[in-house]
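I'd like to ask some things about the structure below.
The values are calculated or read from the model by the stated rules, or taken from the named source; none is laboratory data. Here the structure is a predicted model, which is why all the values come from computation and not from measurement. Because the Cβ atoms are built from the backbone with ideal geometry, glycine has one as well, and the counts that use them run over all protein chains shown.
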Amino acid sequence: MNKKLILMIGILFLLALSGCDGSNKNPITDADVRKGIEGLTMEFTKNAPPEKVFEDSIFPIAVNLKNIGASDIENGFIVFGFEKAYVDVNAKSGEKQGFSIKGKSIFNLNGDEEFVTIDAQTKKIGAQSETHTSSILATACYQYRTIFGESVCVDTDIYGIRKGEKACTIKDLDYSNGQGAPATITKIETRMLPDVDENKVKPHFIIYVENKGNGEVVSLDKVEKACTSEALEYTDFNMIKIKATLSGKDLDCSVGDEPSSAAIRLREKKDMVRCTLEDGVGRNIDSYMAPLKIELEYGYTFTISKNILIEKVLKY
């Protein structure tokens with residue numbers, strides 16, 4: 001019995017110490033993860049490609065891909081581009097490579113990374129030249145998602161005639177830190193619209209979206225095509241699908257009469273969309289805070305480049 005008592009006292013003592021060592025900081029939450037305005041980053045690795053290469057020779061190209069956003073990338077693509085008269089991909093390598101990289105999470109605050117490598121080959125640079133500068137391009141294309149969550153005030157007293165203190169007040173909300181993705185929600189304006197049914201009001205949100213990343217937004221179904229030599233149409237760019245809910249109920253974010261047109265077309269990287277709870281909320285309900293969730297889905301693409309110097313092999 002004495003041994004058991006000593007053991008229990010020892011366990012309680014250790015638990016007390018663990019609670020007093022200063023390590024009981026606030027836990028990491030999803031809100032901590034969903035910050036920033038970048039998704040995928042990409043850079044050439046050192047000496048791949050090298051600064052200088054000889055003509056008619058094989059050399060390596062490698063890029064380091066990092067997903068520092070809060071959305072996983074599945075079935076992404078990277079394609080390499082060359083000045084074909086002087087450089088081409090080696091026959092054993094493909095110009096387009098696939099990749100999948102997990103983004104940030106509460107278990108991995110930095111996100112994952114991956115290396116993509118190929119071999120390229122220089123060609124002859126011509127009898128009249130001893131050197132030639134040529135550009136190597138790498139273009140990434142991938143699908144991404146922006147997830148936004150915030151509590152907003154729903155006040156059914158449209159004209160402010162109800163007496164008594166309210167639980168919350170409607171106000172415009174600004175967001176400058178992003179949501180861990182290149183397409184970000186920058187501002188939300190909340191309005192309460194009168195309903196045909198005089199016993200209800202319709203919560204209405206004006207949502208401002210901006211592409212703050214270093215690339216271009218493309219339609220979800222055009223991601224792979226963006227990493228080919230095929231030209232995209234004007235309508236393939238700047239399209240973002242949007243879905244929004246208030247307290248778990250779908251909001252109507254459609255444009256016109258087609259529900260499938262719940263999308264945003266960015267103009268000069270910015271636009272806004274209006275989303276409404278068509279079911280409405282009873283006017284007899286006091287003001288309250290409700291969870292607003294917004295999801296943006298889109299494709300994204302950007303390009304990096306590096307110059308190499310091709311040197312002739314001199315024999316004199």
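Assess whether LYS202 counts as being within 17 Å of the chain's Cα centre (by Cα), of a type in the set (Lys, Arg) and not in a loop (DSSP other than H, G, I, E, B). Lay out the reasoning, then the answer.
Details: within 17 Å of the chain's Cα centre (by Cα): no; of a type in the set (Lys, Arg): yes; not in a loop (DSSP other than H, G, I, E, B): yes.
Here the answer is no, as LYS202 does not meet what is asked.
Would you confirm whether or not segment 238-258 contains a residue that is touching a helix residue (DSSP H, G or I) at 6+ places or on another chain (Cβ under 7 Å), surrounded by 15 or more Cβ atoms within 10 Å (Cβ to Cβ) and in contact (Cβ under 8 Å) with a residue 24 or more places away in the chain?
Scanning segment 238-258, I find at least one residue that is touching a helix residue (DSSP H, G or I) at 6+ places or on another chain (Cβ under 7 Å), surrounded by 15 or more Cβ atoms within 10 Å (Cβ to Cβ) and in contact (Cβ under 8 Å) with a residue 24 or more places away in the chain, so the answer is yes.
Could we say that LYS166 is of a type in the set (Lys, Arg), surrounded by fewer than 18 Cβ atoms within 10 Å (Cβ to Cβ) and at pLDDT below 95 here? First the steps, then the outcome.
Details: of a type in the set (Lys, Arg): yes; surrounded by fewer than 18 Cβ atoms within 10 Å (Cβ to Cβ): yes; at pLDDT below 95: yes.
Here the answer is yes, as LYS166 does meet what is asked.
Tell me whether segment 284-301 contains one or more residues that are more than 30 Å from GLY160 (Cβ to Cβ), among the β-branched types (Val, Ile, Thr) and either at pLDDT 95 or above or surrounded by 13 or more Cβ atoms within 10 Å (Cβ to Cβ) (or both). Can you show your working first?
So in segment 284-301, the residues more than 30 Å from GLY160 (Cβ to Cβ) come out as 295-301.
Narrowing the set further to residues that are among the β-branched types (Val, Ile, Thr) leaves 301.
Add one more test, that the residue is either at pLDDT 95 or above or surrounded by 13 or more Cβ atoms within 10 Å (Cβ to Cβ) (or both), and what stays is 301.
Within segment 284-301, one or more residues are more than 30 Å from GLY160 (Cβ to Cβ), among the β-branched types (Val, Ile, Thr) and either at pLDDT 95 or above or surrounded by 13 or more Cβ atoms within 10 Å (Cβ to Cβ) (or both).
Residues are listed down the side, and each one gets a yes or a no for (1) polar (S, T, N, Q); (2) under 23 Å from LYS202 (Cα atoms):
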position	(1), (2)
GLN97	yes, no
ASN110	yes, no
GLN143	yes, no
VAL154	no, yes
ASP157	no, yes
GLY180	no, no
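Please indicate, with yes or no, whether at least one residue in segment 130-137 is touching a Pro at 6+ places or on another chain (Cβ under 7 Å) and of a type outside the set (Phe, Trp, Tyr). Let's see the steps before the verdict.
Step one: list which residues in segment 130-137 are touching a Pro at 6+ places or on another chain (Cβ under 7 Å), which gives 136.
Checking the rest, the ones that are also of a type outside the set (Phe, Trp, Tyr) come to 136.
Looking through segment 130-137, at least one residue is touching a Pro at 6+ places or on another chain (Cβ under 7 Å) and of a type outside the set (Phe, Trp, Tyr).
Another question, if that's okay. Would you confirm whether any residue within segment 122-142 is β-branched (Val, Ile, Thr), surrounded by fewer than 17 Cβ atoms within 10 Å (Cβ to Cβ) and either in the same structural domain as GLU216 (by TED's automatic domain parsing) or under 28 Å from the mean Cα position of the chain (by Cα) (or both)?
We begin by selecting, within segment 122-142, every residue β-branched (Val, Ile, Thr); these are 122, 125, 131, 133, 136, 139.
From the residues that got through so far, the ones that are surrounded by fewer than 17 Cβ atoms within 10 Å (Cβ to Cβ) too are 131, 133.
Among the residues that remain, those that are also either in the same structural domain as GLU216 (by TED's automatic domain parsing) or under 28 Å from the mean Cα position of the chain (by Cα) (or both) are: none.
Within segment 122-142, none of the residues are β-branched (Val, Ile, Thr), surrounded by fewer than 17 Cβ atoms within 10 Å (Cβ to Cβ) and either in the same structural domain as GLU216 (by TED's automatic domain parsing) or under 28 Å from the mean Cα position of the chain (by Cα) (or both).
Does at least one position in segment 286-295 carry a residue that is in contact (Cβ under 8 Å) with a residue 60 or more places away in the chain, over 28 Å from ILE147 (Cβ atoms) and acidic (Asp, Glu)? Quick ask: steps written out before the conclusion?
So the first thing to find is which residues in segment 286-295 are in contact (Cβ under 8 Å) with a residue 60 or more places away in the chain, and the list is 286-295.
Then drop every residue that is not over 28 Å from ILE147 (Cβ atoms), which leaves 286.
Filter once more, so that each one left must be acidic (Asp, Glu): 286.
Yes, segment 286-295 has at least one match.
Condition first: of a type outside the set (Lys, Arg), in contact (Cβ under 8 Å) with a residue 40 or more places away in the chain and surrounded by fewer than 18 Cβ atoms within 10 Å (Cβ to Cβ). Can you find one or more residues in segment 222-232 that meet it? Quick ask: steps written out before the conclusion?
As a first pass, look at segment 222-232 and keep what is of a type outside the set (Lys, Arg): 223-224, 226-232.
Checking which are in contact (Cβ under 8 Å) with a residue 40 or more places away in the chain leaves us with 223-224, 226-228.
Remaining after also requiring surrounded by fewer than 18 Cβ atoms within 10 Å (Cβ to Cβ): 228.
Yes - at least one qualifying residue is present in segment 222-232.
Just the residues that are at pLDDT 90 or above, in contact with a strand residue (DSSP E or B) (Cβ under 7 Å, 6 or more places away or on another chain) and part of a loop (DSSP other than H, G, I, E, B), please, taken from segment 261-282.
Hits for segment 261-282 are LEU266, LYS269, LEU277, GLU278, ASP279, GLY280.
While we're looking at this one, here's another question. Six or more apart or on different chains, Cβ under 6 Å: which pairs go from a residue in segment 31-50 that's without any contact (Cβ under 8 Å) to a residue 60 or more places away in the chain to one that's of a type in the set (Lys, Arg)? Could you list them?
Short answer, once both residue conditions are applied: THR41/LYS66.
Still on this structure, I have one more. So ASN214 passes all but one of these: (1) closer than 30 Å to MET42 by Cα; (2) modelled with pLDDT under 90. Which condition number does it fail?
It is condition (2) that ASN214 fails.
Which condition breaks for ALA167 when tested against (1) assigned to a strand (DSSP E or B); (2) touching a Cys at 6+ places or on another chain (Cβ under 9 Å)?
ALA167 satisfies every listed condition except (1).
Quick check on my filter: what residues within segment 176-195 are surrounded by 15 or more Cβ atoms within 10 Å (Cβ to Cβ) and of a type in the set (Ser, Thr, Tyr)?
THR184, THR186, THR190
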